[in-house]
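The values are calculated or read from the model by the stated rules, or taken from the named source; none is laboratory data. All values derive from a computational prediction rather than experimental measurement. Because the Cβ atoms are built from the backbone with ideal geometry, glycine has one as well, and the counts that use them run over all protein chains shown. What goes into the accessible areas is simple: the full protein's heavy atoms, side chains included, and nothing from ligands, DNA or RNA. Shrake-Rupley method; radii C 1.70, N 1.55, O 1.52, S 1.80 Å.
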Amino acid sequence: MKIEEIQISGFGKWSSAHFTVDQDFQVLTGPNESGKSTLKAFVLGVFFGFPKGRKSDQQLFEPRSGARYGGSLTIACQKGRYRIERMGRTQSTLTVTSLSNGLDLPNPEDFLKALFAPLEAVDYRQIFSFDEGELSQVANLTAGDFDQVLLAYTRPQAQRFLNWATEQKKLAEKAFASGKNGKRPLNLASRAYQKLLQQKQEEEGKYQDYRRLQEEARKLEKQLDRLHELRSHQQAKQAELQDLIDSWPLFVESQKRQESDGLSAQQVLISPEAEEQIRRLDQEGRFLKEQILHNQEDLQTLQSSLQQPAGTGETSQNVQQTLTDFENVQAEGQRLLNQVALTSRLFEGALPRPLSKREKELLTKSTKAFSVAALASGLLALLAFFFGQLLFSGAFVLLTLLSFTGLAVKKRRQKRILERFYPLDLDAVLADQEKLQAAWRNQEDFEKVSSDLALKEAKLREQLVDFNLLQEAQLKNLSTAALQQWTHRFLAENTGQKEQQQRLRLQEALRLQSRLAEKKDAQQRALYGLLAEQSVATLADFYQALKEQKQEQQDGDRVQLIRRQIGEKRLANLQARFEKHGKATEQILQTELAAAKRAVEEQAGQEKGLQQALANNQSARLQLEKDGGLSAVEQALENQASDLKEDFTSYLAESLAEEVVKKAFLGKDGDQGQAVLKQAGAYLAQLTAGRYQEITLVKGKLIVSSGREQGDFGSVPFQAAELSSGSRDLLYLAIRLALAMTLTVEEPLPLLIDDAFVHLDKKRRESALALIQEIATENQVLYWTFDERLESKKALLLSKQ
Amino acid sequence: MLSFIHAGDVHLGNPMSGLSRNLPNNWQEAVQSAGYQAFDKLIDAAVNQRVDFVLFPGDLLNGAGQSAKVQATLLRGFLKLQKAGVQVVLSFGNHDYEAFSEASLAWPENVHVFGHEVEEIVLKAKDGQRVAFVGFSYADRAERRDRLADFPNKGANVDYAIGLYHGMQGKPGDDYAAFSLDAMLKKGYDYWALGHIHQRAVLHEEPTIAYSGNLQGLNRKETGAKGAYLVKEEGGRLLSTFLDLAPLRFEEKVLDNPSGLLDLLKELQGTSFEQPTLLSLRLQGSIGEELRLAAAQGDLLEKVQQAFLGSTDFWPIHFFVEEKVSVSKPAFAAIDFDEAIEQTVGTESLLNLLSDEVPLAIREYFSEEEGQAAVTLKLRQLFEQGEGSDEN
């Protein structure tokens, strides 16, 4: 590729400028500040883009005239001739026009990329564009840096990557310092990890504590179990003692009761059947009494209500009253008659008269007196006869006869009396005298009542006649019963229904009265018969005897109850203690109980202590189980490790970037490198007139060999850094030019040299210029200089523009 | 009806790896409790399903299990099973072989532990059926002997024979009790409960030879639902169903051709998750420059995390950005950067850069393939990015 024209719209000091480049070695000359560097910047700007102004010290080349920023280059390359136009600095537009057909290319950037391939902007700037100060700087480089720079130029792009790699390394160093105790993030993170490791160990130690706690807990539980068992035993003992003490009064009571037990055993018992019968009869009696009382009340009420006139006629009332009086007497008579009949049923005949006082004496006095008198007088008569006392004997015989006669008379009399009471015997006769007397009294009463009844009946008949209810003739024909019947009918017809009913009720009550009386008598008889069987006279005596009997039974039962309550075992225990200690037993029991209580309390205290220890143990274990100690630390450690791995990966990558760059560019002595060095050697020989002839790379170091004969020693190798500053410049130049010339690129690219040789001495400058001109036959060279000696008619004079 | 739960690789107390110390508190807590919760759920499932047995074929614990919380959790679980009449059959694997010595100290009587030699334990199911369990515990971190040879064939005096086996398919002499399916099938067992591989897998059906996978995912490679197998006899066959027990999941989401951060956030917002999820994101295809740059600078993850602070559904934990297909060889370079990176990254070069202060575990990581691969990847990303930046 060759640059044919440079057309500037506006760029720095240049505006509307036009240059035609028609030489392969085109000198552009002018004094300082004539715009040499600006022109070079313009060419680079059209090719690769104008400065964007990102860096503060960057020159922006805004046109001073105010003309439109930008311009174009006309180039010729293998594909043809093109105009490359770039207008505007910040949002520049690139246009590439093919001059053969006048068409704009659709992808101008791709065209430029292909034109310089495989170089990029940076490579072109580095290899084909020589800054004016570059060679002078080389002289000031340290040996190492010089080596580095030279090496970089043997492998283009390397410098750029090396710079970048150096930045990466700086980043890496900011992250981690190899020295101990660095305070950079990865050093701190590493130490944090170590700290976590320590914590982990501590947590593992805690696990041993946990196991120890578990072991301790097991022991404590065992101890507690044992204590608990012991305490249960002691408590049982205490309870037993307490029971014995509680049972003591009962025991004492049972002892006492047992002592008095023997006496009551002999007494006759009232049988439960008898008790039952007597109680029933007693109850029946009370019931009858109540009924009688109740009935009497009814009677009185009925009678009094009947006595009051109920609004009926006076006649009826009077008749009613008379009839009632009559019937009352009649009922009384009936009762008395019944009583008498009851007694007279005992005898076969009529009711006998009761015994008179004499008869009673006769019956009760013994007949022994007569028998004894007869016997005694008989004996005396015999004695007297034997003793010859005939007179006395006769007297006694007489007396004996008299006695027998008396006896016979008496017997006859008694017999006669008893005949009256047949079929009763003597005893029964005597016993029933009272009843008999009562019966006679009743009989007497009955007779009185009978006469009274006759009077009442007469009064009733009289009244009926008086009131003209009946004729006397009619009345005579009526028997007593018919009279009664007639009167009732009359009254029923003449009195109210209610009164009639009351009268009927009254009659009924009267009948009931007499029935109840009968029942009461029967009950009394049965009751007293039973009481006599039980050898008691009255009910009160019976109940007293019963009470005593129950009390005795209760005593016996109580002893049994106490025995059951205390229990056989306890009873035996108390018995044994009582036999041993007597009355002191209770006191001894109390002492033993107090001791047992103390023992239980002591054990409870111990148990409480153990329980507390166990609770503490459990809470300590729970704490260890809960906080998950080890797990948490292990997770933290794992997280920390994960972060460290990632961060150290970055650190290592950044640290190794430089080595990778070096390896990529310098690692192997590739053909490219060899070709550059060989070409550089040739250029160096030319530049130094054969003083140095060969450049080689030995173990990453550039070695320059002298071509001059040194006696028999042959060629002498120098390390690049060992050369004089002038020779260094040439070596640098040789390598730079060799690189440009050996690059395998599509197009031979123009070299842009900006007064690069200004500080070389004359001889060297001439050598360099000669070399450049030689090179220009292959690659176009644009050479900016203020060296007027190079001015020629071919030179473009910039000051003239 | 015989029923049991097969729970391999519980790894109780095992920390999750690949997470950051910058995990938000709620996620930190979830991470810390997930394993324990999963175990409790396992126990509850066994009780609720009224199974006869729970089988743990190795790696129930992490290391020696010397943690109060771990031991208390185990004991509580075992006692609960005992109360429910469930028996536990347990062998130790390569991760928890150290726990063997003190394991059974305080464990209740319903827990049956295999010794270091292959042994047979015959137990009665609730319905009275006789079940022979055969297994062994690891005595060391590796088991290179042919353990399967010692397993007896199924006996005539039992109704079922079940093998507990912690190992993996392979050739004799491999580290983890290598076995072959053929050899297993020849034993005539009714079920093989395998442990060691964390990925759930059925290697053979009728009889089943299966890994239940681990109970709870432990890192971003262990994705998806995790749990145990519930095995029940039905019609004379043992049928297994998967029980999803892990309360926390690791998942990977692939995003094709993400243009920018905003798009990416939108897509994430529209994604639903079955369980609280620790999410890895894989960006592939044509990746927007903004994303690529953020990824290279290492703050992409942080930016996404910032957007989802307080999220309880998921938490982004990792980005994987696919490399550009071609990293062209720079002009003039002797070799391309990939090659140079390959040549540069090695144990020596890495360890030289790491002083003693760097924890041993980290230095070990970089001396191993995984760490070196990470550095290689990072370098590639750096150079990819470095190439595009203009240093002038």
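Here is a check on your reading of the model: is B:Pro247 touching a helix residue (DSSP H, G or I) at 6+ places or on another chain (Cβ under 9 Å), under 15 Å from B:Val10 (Cβ atoms), buried (at least 18 other Cβ atoms within 10 Å of the Cβ) and not hydrophobic (A, V, I, L, M, F, W, C)?
On the way: touching a helix residue (DSSP H, G or I) at 6+ places or on another chain (Cβ under 9 Å): yes; under 15 Å from B:Val10 (Cβ atoms): yes; buried (at least 18 other Cβ atoms within 10 Å of the Cβ): yes; not hydrophobic (A, V, I, L, M, F, W, C): yes.
Yes: the conditions hold for B:Pro247.
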Close pairs from region A:444-466: first within 16 Å of A:Leu483 (Cβ to Cβ), partner open to solvent by 60 Å² or more (accessible area, probe 1.4 Å) and acidic (Asp, Glu), Cβ under 6 Å, at least 6 apart: A:Val465/A:Glu472
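Quick check on region A:219-241. Is at least one of its residues within 11 Å of another protein chain (Cβ to nearest Cβ) and assigned to a helix (DSSP H, G or I)?
If we filter region A:219-241 for residues that are within 11 Å of another protein chain (Cβ to nearest Cβ), which is where we start, we get none.
Checked against the condition, which is being within 11 Å of another protein chain (Cβ to nearest Cβ) and assigned to a helix (DSSP H, G or I), region A:219-241 yields no hits at all.
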Filtered residues of region A:641-661 (kept if of a type in the set (A, V, I, L, M, F, W, C) and facing chain B (nearest Cβ under 7 Å)): A:Ala641, A:Leu644, A:Phe648, A:Leu652, A:Ala653, A:Leu656, A:Ala657, A:Val660
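Could you tell me whether region A:47-70 includes any residue that is open to solvent by less than 60 Å² (accessible area, probe 1.4 Å), not small (Gly, Ala, Ser) and not in a loop (DSSP other than H, G, I, E, B)?
For region A:47-70, residues open to solvent by less than 60 Å² (accessible area, probe 1.4 Å), not small (Gly, Ala, Ser) and not in a loop (DSSP other than H, G, I, E, B): present.
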Any hit, region A:80-89, residues being more than 25 Å from A:Lys52 (Cβ to Cβ) and in contact (Cβ under 8 Å) with a residue 60 or more places away in the chain: yes
Of the criteria (1) assigned by TED's automatic domain parsing to the domain that holds A:Glu552; (2) open to solvent by 30 Å² or more (accessible area, probe 1.4 Å); (3) aliphatic (A, V, I, L, M), which one A:Leu244 fails: (2)
Selection count where residues are away from chain B (no Cβ under 11 Å), within 30 Å of A:Glu625 (Cβ to Cβ) and basic (Lys, Arg), scope region A:170-209: 0
All helices (runs of 4 or more DSSP H) inside region B:333-385 with 2 or more residues being over 16 Å from A:Val661 (Cβ atoms) and at the interface with chain A (Cβ under 8 Å from one of its Cβ atoms): B:360-367
So A:Ser16, is it open to solvent by 10 Å² or more (accessible area, probe 1.4 Å), free of Cβ contacts under 8 Å to residues at least 60 places away in the same chain and part of a strand (DSSP E or B): yes
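Are any of the residues in region B:266-289 part of a helix (DSSP H, G or I), at pLDDT below 90 and not aliphatic (A, V, I, L, M)?
Filtering region B:266-289 down to residues part of a helix (DSSP H, G or I) leaves B:266-269, B:289.
Next cut, at pLDDT below 90 only: B:289.
Remaining after also requiring not aliphatic (A, V, I, L, M): B:289.
There is at least one residue in region B:266-289 that is part of a helix (DSSP H, G or I), at pLDDT below 90 and not aliphatic (A, V, I, L, M).
This table checks each residue for (1) surrounded by 18 or more Cβ atoms within 10 Å (Cβ to Cβ); (2) part of a loop (DSSP other than H, G, I, E, B); (3) within 14 Å of another protein chain (Cβ to nearest Cβ).
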position: B:Ala30; (1), (2), (3): yes, no, yes
position: B:Asp40; (1), (2), (3): no, no, yes
position: B:Val54; (1), (2), (3): yes, no, no
position: B:Gln71; (1), (2), (3): yes, no, yes
position: B:Leu74; (1), (2), (3): yes, no, yes
position: B:Gly77; (1), (2), (3): yes, no, yes
position: B:Leu90; (1), (2), (3): yes, no, no
position: B:Asn94; (1), (2), (3): yes, yes, no
position: B:Ser101; (1), (2), (3): no, no, yes
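Going through B:Lys226, B:Lys186, B:Lys232 one at a time, which residue ends up being open to solvent by 50 Å² or more (accessible area, probe 1.4 Å), closer than 30 Å to B:Gln37 by Cβ and among the charged types (D, E, K, R)? Walk me through it before giving the result.
Details: B:Lys226 fails: open to solvent by 50 Å² or more (accessible area, probe 1.4 Å); B:Lys186 fails: closer than 30 Å to B:Gln37 by Cβ.
Step by step, each of B:Lys226, B:Lys186, B:Lys232 is checked, and only B:Lys232 is open to solvent by 50 Å² or more (accessible area, probe 1.4 Å), closer than 30 Å to B:Gln37 by Cβ and among the charged types (D, E, K, R).
Any residue at all in region A:547-554 that is open to solvent by less than 60 Å² (accessible area, probe 1.4 Å) and over 19 Å from A:Val252 (Cα atoms)?
In the first step, residues of region A:547-554 are kept if they are open to solvent by less than 60 Å² (accessible area, probe 1.4 Å); the result is A:549, A:552.
Next cut, over 19 Å from A:Val252 (Cα atoms) only: A:549.
Looking for residues that are open to solvent by less than 60 Å² (accessible area, probe 1.4 Å) and over 19 Å from A:Val252 (Cα atoms), one finds at least one in region A:547-554, hence yes.
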Count of residues meeting criterion [open to solvent by less than 20 Å² (accessible area, probe 1.4 Å) and without any contact (Cβ under 8 Å) to a residue 12 or more places away in the chain] in region A:588-641: 4
Residues located in region A:619-628, provided they are more than 7 Å from chain B (Cβ to nearest Cβ) and either modelled with pLDDT under 85 or over 10 Å from B:Lys69 (Cα atoms) (or both): A:Ser619, A:Ala620, A:Lys626, A:Asp627
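Out of all the residues in region B:153-164, which are open to solvent by less than 50 Å² (accessible area, probe 1.4 Å) and part of a loop (DSSP other than H, G, I, E, B)?
Within region B:153-164, B:Gly155, B:Val158 meet the criteria.
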Lone unmet requirement of (1) within 14 Å of chain A (Cβ to nearest Cβ); (2) assigned to a loop (DSSP other than H, G, I, E, B); (3) open to solvent by 10 Å² or more (accessible area, probe 1.4 Å) for B:Leu19: (3)
